[in-house]
Amino acid sequence: MKAAIVGVTGYTGIELIRLIQGHPHLEIGTLCSGTMHKNDIAELYPHLKGLVHQPVEAFDAKKIMSKNELVFFATPAGISKENVAAFLEADFPVIDLSGDLRLKNPADYQKWYQKEPATAEILEKAFYAVPEFYDKPVGNLISNPGCYATATELTLSPLIKNHLIDLDSIVIDAKSGLSGAGKKLTEASHFVNVQENMSMYKVNQHQHIPEIVAHLKQFDQELTTLQFTTSLIPITRGILVSSYVKLKAGTTKEQVAEAFAYYDDKPFVRMQEENQLPQIKQVVGSNFCDIGYVINPENNYLTLVTVIDNLVKGAAGLALQNFNKWAGIDETSGLLAVPIFP
């Protein structure tokens, strides 16, 4: 199948090219950019020389549908919601990696993204796709979760599903490498401010908070909020999420282990050995999500550490995992690359 990529010149778009190149059932189709559509992709990114030589074109929905079998939107928030209507009308498969289709309530999108939302019809038809928690997506409009959301939802879902934690105790401290901030240079992402530094941002305001809460509420309607903070750390790739939750009275370590046994048949979630906590380096360049935890018997608190590559399991790899499930092929197709180490 030929896959078009809209927003190909961003970090996520380039990661899609890398992964599609190694996918047995996909090939790179039309490449689109809103501003950089006058060059061959290998001219813009010399690391692709000898591998991918295709022009980067201006967006044209009709042209995409005539030359491809599906389209990935790897665009910043505010773009795909304006452009998916034509694909939706034609029932043409779309996998959206932006935040435009993640929140069912238009008012929530307006609040957290400070932009006008997509139409109610588009939002209603979008399927929020965490691949570890569904068998086959509904419809042809797939909304990819955010990077922080993916790591946090995979961490907390088994615990909340099994009613093992006090819902008002959840504290999430998430740290991301700089590629998660995108290509656009800002004061916060300037080298002199990032190197040998760590900074917290969007405290209580990060746009992934409402999608995390919405996903977790399906397991317990009493969940209404959580404490969630995000920080930038001076690395290129990777997210480390530290979660702190209080176990309900009487909860045993065996019950916690049994809850996480849910992932035993999920190929991309790797539970660590008892009391072993993962590091970012063990997942870079891969679609794996590694989770470890430690229980403090003195106060009944559970500390969990979750690591993913924000550009793979947090974006492009997750999108291909969702494609695999949508297409009804092996979920691991094109995604079993060994992490880059060291």
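The values are calculated or read from the model by the stated rules, or taken from the named source; none is laboratory data. The structure presented is a predicted model; accordingly, all values stated were derived computationally and were not measured. Cβ: placed from backbone, ideal geometry, glycine included. Neighbour counts: every protein chain shown.
Go through 292, 238 for me and flag whichever is in the same structural domain as residue 195 (by TED's automatic domain parsing), under 28 Å from residue 199 (Cβ atoms), touching a residue at least 12 places away in the same chain (Cβ under 8 Å) and in contact with a Pro (Cβ under 9 Å, 6 or more places away or on another chain). Break it down into steps so the answer makes sense when it comes.
On the way: 238 fails: in contact with a Pro (Cβ under 9 Å, 6 or more places away or on another chain).
Testing whether each residue is in the same structural domain as residue 195 (by TED's automatic domain parsing), under 28 Å from residue 199 (Cβ atoms), touching a residue at least 12 places away in the same chain (Cβ under 8 Å) and in contact with a Pro (Cβ under 9 Å, 6 or more places away or on another chain) leaves just 292.
Filter segment 51-70 for residues that are more than 9 Å from residue 30 (Cα to Cα), crowded, with 17+ Cβ neighbours inside 10 Å and not small (Gly, Ala, Ser) and give the result. Explain how you work it out, then say what you get.
From segment 51-70, those more than 9 Å from residue 30 (Cα to Cα) are 51-53, 58-62, 65-66, 69-70; that's our starting set.
Going one step further and asking which of them are crowded, with 17+ Cβ neighbours inside 10 Å, we end up with 52, 59, 61, 65, 70.
If the condition is that a residue be more than 9 Å from residue 30 (Cα to Cα), crowded, with 17+ Cβ neighbours inside 10 Å and not small (Gly, Ala, Ser), then 52, 59, 65, 70 are the ones that fit.
Could you check, for segment 73-87, whether at least one of its residues is of a type in the set (D, E, K, R) and part of a loop (DSSP other than H, G, I, E, B)? Write out each step before concluding.
As a first pass, look at segment 73-87 and keep what is of a type in the set (D, E, K, R): 81-82.
Restricting the remaining residues to those that are part of a loop (DSSP other than H, G, I, E, B) gives none.
No.
Would you say residue 310 is touching a strand residue (DSSP E or B) at 6+ places or on another chain (Cβ under 7 Å), part of a loop (DSSP other than H, G, I, E, B) and either crowded, with 23+ Cβ neighbours inside 10 Å or not assigned by TED's automatic domain parsing to the domain that holds residue 152 (or both)? Even if it seems obvious, please write down each step before you answer.
Details: touching a strand residue (DSSP E or B) at 6+ places or on another chain (Cβ under 7 Å): yes; part of a loop (DSSP other than H, G, I, E, B): yes; either crowded, with 23+ Cβ neighbours inside 10 Å or not assigned by TED's automatic domain parsing to the domain that holds residue 152 (or both): yes.
It is true that residue 310 is touching a strand residue (DSSP E or B) at 6+ places or on another chain (Cβ under 7 Å), part of a loop (DSSP other than H, G, I, E, B) and either crowded, with 23+ Cβ neighbours inside 10 Å or not assigned by TED's automatic domain parsing to the domain that holds residue 152 (or both).
Applying the selection to segment 120-136, what residues are in a loop (DSSP other than H, G, I, E, B) and crowded, with 21+ Cβ neighbours inside 10 Å?
So the first thing to find is which residues in segment 120-136 are in a loop (DSSP other than H, G, I, E, B), and the list is 126, 129-130, 134-136.
Residues satisfying the conditions are 126, 129.
Collect the residues in segment 19-39 that are out of contact with any Leu (no Cβ under 9 Å at 6 or more places or on another chain) and surrounded by fewer than 20 Cβ atoms within 10 Å (Cβ to Cβ), keeping them in residue-number order.
We begin by selecting, within segment 19-39, every residue out of contact with any Leu (no Cβ under 9 Å at 6 or more places or on another chain); these are 24-25, 27, 30-32, 34-35, 38-39.
If the condition is that a residue be out of contact with any Leu (no Cβ under 9 Å at 6 or more places or on another chain) and surrounded by fewer than 20 Cβ atoms within 10 Å (Cβ to Cβ), then 24, 25, 27, 34, 35, 38, 39 are the ones that fit.
Take segment 201-232 and flag every residue that is touching a strand residue (DSSP E or B) at 6+ places or on another chain (Cβ under 9 Å), in a loop (DSSP other than H, G, I, E, B) and surrounded by 17 or more Cβ atoms within 10 Å (Cβ to Cβ).
Passing the criteria: 206, 208, 226.
Could you check how many residues of segment 10-50 are farther than 20 Å from residue 336 by Cα and not in a helix (DSSP H, G or I)? If you could, list the steps in order and put the result at the bottom.
Step one: filter segment 10-50 for residues farther than 20 Å from residue 336 by Cα, giving 10-11, 29-50.
Applying the additional criterion that residues be not in a helix (DSSP H, G or I) yields 10, 29-40, 45, 49-50.
Here the count works out to 16.
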